[in-house]
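The values are calculated or read from the model by the stated rules, or taken from the named source; none is laboratory data. For clarity, every value in this text was computed on a predicted model and none was experimentally measured. Note: ideal-geometry Cβ built from the backbone for every residue, glycine included; neighbour counts use all protein chains shown.
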Amino acid sequence: MRRLAILIGGSLGFWLLIAVPARWYYSRQDEADFGDAVAVYSGVAIALCLLPTTITLVWSVWGLRKSPEQQLAVVLGGTGVRMFVVLAAAYALYGNIGYFQQHAGFWMWILIAYLFTLALETTLVLGGQPKTAATVSSGDSILR
């Protein structure tokens, strides 16, 4: 639950950190309508990326307690699920709702949100792993 809270809070914090200054910047330019679009595009991008990332985080934490074969399936499956869901949903929005076609920034926000949530999820999954005896013993022998 702690990792899930960090993922959601970190993603929302990241969204505020990048969307508010970007909206302010474009609102002050002659492109005031793009300032509002930035807020919408970035919010939708974070939401699209957060849902599958949350699911794959829970799946990864569960899978890391299993056999190495199942761990590999979780990693590859999680990557595929996350990428497919995000791209399919973004393409559906872009193709069916004209608002997402008005400005070129929608796909940029999808990429930024995807990479951030992927990095945060990877950090949370790998950071929560206990060190194995082989890692600890090999690290000790190097220091001696």
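A few notes on this one:
- Among the criteria (1) acidic (Asp, Glu); (2) modelled with pLDDT of 80 or more; (3) over 29 Å from Gly13 (Cβ atoms), the one Glu69 does not fulfil is (2).
- Scanning the range 104-128 for residues that are part of a helix (DSSP H, G or I), at pLDDT below 90 and small (Gly, Ala, Ser) yields Gly105, Ala119, Gly127.
- Any pair with Cβ under 9 angstrom, 6 or more apart, that starts in the range 68-81 at a residue that is within 16 Å of Leu126 (Cα to Cα) and ends at one that is surrounded by 14 or more Cβ atoms within 10 Å (Cβ to Cβ) and among the aromatic types (Phe, Trp, Tyr): Val74/Trp59; Gly78/Trp59
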